[in-house]
1. Tell me which residues, restricted to the range 403-445, are farther than 29 Å from His132 by Cβ and not in a loop (DSSP other than H, G, I, E, B).
2. Which one is nearest to Gln234 (Cα to Cα) among residues in the range 18-43 that are open to solvent by 50 Å² or more (accessible area, probe 1.4 Å) and without any contact (Cβ under 8 Å) to a residue 40 or more places away in the chain?
3. Looking at (1) of a type outside the set (D, E, K, R); (2) farther than 17 Å from Leu118 by Cα; (3) part of a helix (DSSP H, G or I), which is the one condition that is false for Ala380?
4. Report whether or not Phe332 is under 8 Å from the mean Cα position of the chain (by Cα) and among the aromatic types (Phe, Trp, Tyr).
5. Of the residues that make up the range 422-429, is at least one in contact with a Phe, Trp or Tyr (Cβ under 7 Å, 6 or more places away or on another chain) and surrounded by 18 or more Cβ atoms within 10 Å (Cβ to Cβ)?
6. Mind counting the residues in the range 235-244 that are closer than 11 Å to Thr34 by Cβ and open to solvent by 50 Å² or more (accessible area, probe 1.4 Å)?
7. Only one of these conditions is not met by Gly137: (1) surrounded by 23 or more Cβ atoms within 10 Å (Cβ to Cβ); (2) small (Gly, Ala, Ser); (3) more than 16 Å from the chain's Cα centre (by Cα). Which number is it?
8. From the list Leu168, Leu175, which one is under 25 Å from Met345 (Cα atoms) and in a loop (DSSP other than H, G, I, E, B)?
Amino acid sequence: MIRSTDFEVHRNWLAITHSLPMSRWYYENTSIWTLDYPPLFAWFEKGLSKVAQHVDPNMLRVENLDYSSQSTILFQRLSVIFTDVLFILGVRECCRCVRNPKGNQDLLRNPSFVLAVLLLCNFGLLIVDHIHFQYNGFLFGFLFLSIARHMQSRHLQGALLFSILLNLKHIYLYLAPAYGVYLLRSFCWRQNHPDGSIRWLSFSPVRLLVLGFIVISVCCLSFGPFIAMGQLPQLLSRLFPFKRGLCHAYWAPNFWAFYNILDKVLTTLGFQLELLEAEHLPKASMTGGLVQEFQHVVLPSVSPLTTLVCSLLSILPALGSVWRRPRGSRGFLRCLVICALGSFMFGWHVHEKAVLLAILPLSILAVQNREDAGTFLLLATAGHYSLFPLIFSAAELPIKVLLMLSFTVFSFSALKHLHHAPLLHPLEVVYLTGLLPVAVACELIYPLSPWQQKLPFLPLLVTSVYCSVGVCHAFLRLYASLLRTPPKQKES
């Protein structure tokens with residue numbers, strides 16, 4: 001049976017943390033799937049290995065590459081289900097923070113119920129964790145518990161939970177700017193309202209010190225032993241492997257997908273017009289489908305620094321808006337989603353799964369605001385379909401189609417029922433409808449065509465570029481919503 005490589009990735013991490021001393025965790029390279037998550041996640045794997053040794057000790061041998069006994073696969077599947085308890089707790093806390101109309105017996109007009117279904121039954125999370133195999137639900141549990149604490153104005157607890165999350169998986173650095181600016185502005189700078197209006201701000205150095213102590217303490221507990229062993233450079237090289245290249249083998253649906261396809265089109269024109277010669281082209285290009293360092297052919301090649309600058313520029317207006325006009329939890333959440341999506345749009349070597357960092361928190365806004373509901377439908381539909389290539393076997397095709405259709409139908413009907421109004425522009429509806437012929441062509445027709453052998457990456461390219469249109473438009477919609485929000489609008 002064909003399985004995701006993530007099964008072997010996490011089996012190898014179980015073996016590394018169980019069989020080797022801590023000093024060798026980030027140096028072990030028997031497998032190509034080396035440990036590249038922060039130390040707290042390594043300790044999480046070590047904790048799982050204590051149970052795994054009673055299930056099948058052979059899975060904990062580092063040299064047992066691609067070991068996949070039935071008991072090993074069952075253990076890995078069950079470990080994801082068990083750790084999802086934290087995700088359920090996080091969803092429960094966020095649902096408690098959403099206002100519900102009194103005396104309403106219609107579940108589809110109950111924002112908490114709709115939010116619970118949107119999160120617990122999220123199509124992307126289901127296939128990435130329970131079919132493809134990862135522990136994102138466990139990690140999102142920390143995120144939603146942290147968000148709930150901020151919505152409850154329990155900022156120190158929220159900061160602690162987010163600090164733990166950062167030391168479990170560093171991709172959540174995408175969200176750190178939103179957390180940093182919001183906490184500085186809303187927690188460290190206290191507003192004074194002598195007559196109901198903001199007259200001045202007073203800075204609290206004590207609050208800043210306490211906040212800093214929490215964040216630094218968690219980081220010291222996580223990284224401290226490796227710093228003491230002089231392994232910080234090696235650890236950081238594993239966490240940030242810039243040699244992997246600008247894009248993953250399957251291009252994430254972001255700005256760089258447009259950039260890559262434009263380079264491909266210009267390269268093709270260059271050959272046809274005899275302006276380019278094959279012997280003068282770089283050996284690795286973005287059209288080969290490989291994960292490696294590469295150079296664009298016609299357009300300037302993109303460096304990690306360039307992606308960092310683009311990402312920062314894309315989120316600066318949202319950060320500035322939160323600093324100037326902190327509007328409670330909704331302003332923070334909108335900024336958080338923009339930070340997640342901006343980093344997804346312009347980041348270095350972004351995986352397609354990272355779109356969930358924006359989709360899931362946006363669910364909270366979608367049940368409270370009509371404009372955000374429309375953005376959610378657009379982003380979730382395009383973003384979720386972009387995950388289809390992760391589940392590539394023919395036997396799994398009916399499963400992913402049924403799951404996505406069920407979630408999409410519920411999302412559209414529930415949010416429309418909740419807000420009593422159309423949520424999308426007619427052109428946006430046309431775009432989303434276009435996903436149907438794209439899916440039929442890529443999933444059913446193309447695999448049977450003779451072009452499959454000559455151009456195996458063409459369906460991935462079409463999927464990536466088409467979904468990029470929806471993701472980019474959703475990003476622009478978020479910013480339009482941010483700018484349209486009145487400065488003095490009261491939000492909970």
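The values are calculated or read from the model by the stated rules, or taken from the named source; none is laboratory data. Computed from a predicted model, the values in this text were never measured in an experiment. Note that we place each Cβ from the backbone using ideal geometry, even for glycine, and neighbour counts take in every protein chain shown. Just the protein is used for accessible areas: all its heavy atoms, side chains included, with ligands, DNA and RNA removed. Shrake-Rupley method; radii C 1.70, N 1.55, O 1.52, S 1.80 Å.
1. Result: Lys416, His417, Leu418, His419, Pro426, Leu427, Val429, Val430.
2. Top of the filtered list is Arg24.
3. Among (1) of a type outside the set (D, E, K, R); (2) farther than 17 Å from Leu118 by Cα; (3) part of a helix (DSSP H, G or I), the lone unmet condition for Ala380 is (2).
4. Values: under 8 Å from the mean Cα position of the chain (by Cα): no; among the aromatic types (Phe, Trp, Tyr): yes.
Here the answer is no, as Phe332 does not meet what is asked.
5. no
6. Adding up the residues that qualify gives 1.
7. (3)
8. Unique residue meeting the criteria: Leu168.
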